[in-house]
Amino acid sequence: MGRMNRIKTAIVGASGYTGMELLRLLLSHPSADLVAVTSRQEAGRPLSEVFPRFQSAWMRDLHFIEPDADKIAASGAQVAFLALPHGVAAEIARALLERGVKVIDLSADFRLRDAAVYEEFYGHPHPAPDLLAEAVYGLPELRADEISKARLIASPGCYPTSILLPLLPLLREGLIENDSVIANSMSGVSGAGRKAELSLLFCECNESARAYGVPKHRHLSEIEQELGIAAGEKVVISFIPHLIPVNAGIVTTTTAKLRKGIAPEAIGAALEKAYERKPFVRLLGRGACADTKQVTRTNFVDIGWQHDPRTGRVILMSAEDNLGKGAGGQAIQSFNLMFGLGETAGLQSF
């Protein structure tokens, strides 16, 4: 595809870890033409100076600009990826939509359908409650048709993706006790964002592992929302995230009680039925333990499972790259659907 026919794209907040992953993927995407990158901190500097790894890229001389909606629209951008903190994204999302620019938001601002739940979990009123009904929760394996017609995508969080994909088919088919779900996740340090903070310094994280965000991590809100939709009733789970000393990757182990009368084989059958034609979900089968080393720098999520007859519990094991399938890669998967491209375009790395 010639550059004239490519889809003009912008990245708002392009200097963070997720922004850098979006840059890496979009600079090599066969149908994307990157026309604007924003960063308050790096405004005025060329891409190749801020990220030397991109100095041989065809857009190396593109300069960072301030995150101004008029300037982004003036670049000709048809779609903007927002890699911004929650609470900040909504304002620029509204301004871009008003200027005819589609939005794929990687913050939490549009993931929740209920503004009151947002305020409960994020500690301030929702900045754009009128847009919540329009926003599509951008989990491509769940809502591909809606994503393809949307102008505002709320791309899921990294932890939710690793928890939802294994669980949703089981809840839809009524295989587990809905009040028995416990999810334990471990994430690399890039999941906390590219910021200077004492708890994230090398000497604080290296050779160490710790739980955090207990008992009510912010991602619980969207996890329980989507699980409840699948189950057709309110679902409350226990979720314990942990920080581990790797750059990127999330591994999640989720357990739940198998309903009486359900054979363990129904678990594998439900997963295969849900994902047999989904290019980025790799089913490892019964007894296989997912490994972050096999998914980092890709858009894959690997899922294995087992049944424990001693406790009657199902054990679901998943792994993904928190910057890939958990953030930038998944957002580009939605971009592909939104513009009628092949779902795997620009994401076929192993």
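Extending 7 Å from Cα along the Cβ direction at Ala211 and again at Val117 yields two label points whose distance is 2.4 nm.
Placing a label point 7 Å from the Cα of Ala144 along the Cα-to-Cβ direction, the residues of the stretch 316-350 whose backbone N falls under 11 Å from that point are 337, 342-344.
Extension gain for Asp179-Arg286 works out to 36.2 nm (0.36 nm per residue, less the C-alpha to C-alpha distance). Is the stretch 110-263 rounded, prolate or oblate when judged by the Cα gyration tensor, a ≥ b ≥ c being the square roots of its eigenvalues, rounded requiring a/c under 1.5 and prolate requiring a/b larger than b/c? Here the stretch 110-263 falls in the oblate category. When both bridge partners sit in the chain, DSSP labels roughly 45% of those beta bridges antiparallel. Only DSSP H runs of four or more residues enter the estimate; each adds -39500 (n - 2.57), and after division by the residues of the chain the mean residue ellipticity at 222 nm equals -8000 deg cm²/dmol. Antiparallel as a % of all DSSP beta bridges within the stretch 158-322, to the nearest 5? DSSP beta bridges in the stretch 158-322 are roughly 70 percent antiparallel.
The mean sequence separation of alpha-carbon pairs under 8 Å and at least six residues apart, normalised by the residue count of the chain, gives a relative contact order of 17 percent.
Among beta bridges from DSSP that stay inside the stretch 3-134, the antiparallel ones total about 5%. Length gained on full extension, Glu49 to Phe350, computed as 0.36 nm times the residue gap minus the Cα-Cα distance: 105.5 nm. The H on the amide N of Ile65, modeled in the peptide plane, is under 5 Å from the matching H of Val37, Thr38, Ser39, Gly44, each at least 5 residues off or on a different chain.
Dipole magnitude for the chain: computed about the Cα centre from +1 point charges on Lys and Arg Cβ and -1 point charges on Asp and Glu Cβ, it is near 620 debye.
Among 139-148, 192-201, 178-187, sorting by the average number of other beta carbon atoms lying within 10 angstrom of each residue, highest first, gives 178-187, 139-148, 192-201. If R0 is 35 Å, the Cβ-Cβ spacing of Lys293 and Ala196 corresponds to a FRET efficiency of close to 0.80.
Once a ≥ b ≥ c are taken as the square roots of the eigenvalues of the Cα gyration tensor of the chain, is the result rounded (a/c under 1.5), prolate (a/b larger than b/c) or oblate (a/b not larger than b/c)? Taking the square roots of the gyration eigenvalues as a ≥ b ≥ c, the chain is prolate.
The numbers here are math on the coordinates, done by the rules we state, and not lab data. The shown structure was predicted, so the numbers you read here are calculated from the model rather than taken from an experiment. As a convention, Cβ positions derive from the backbone with ideal geometry for all residues, glycine included, and neighbour counts pool all protein chains shown.
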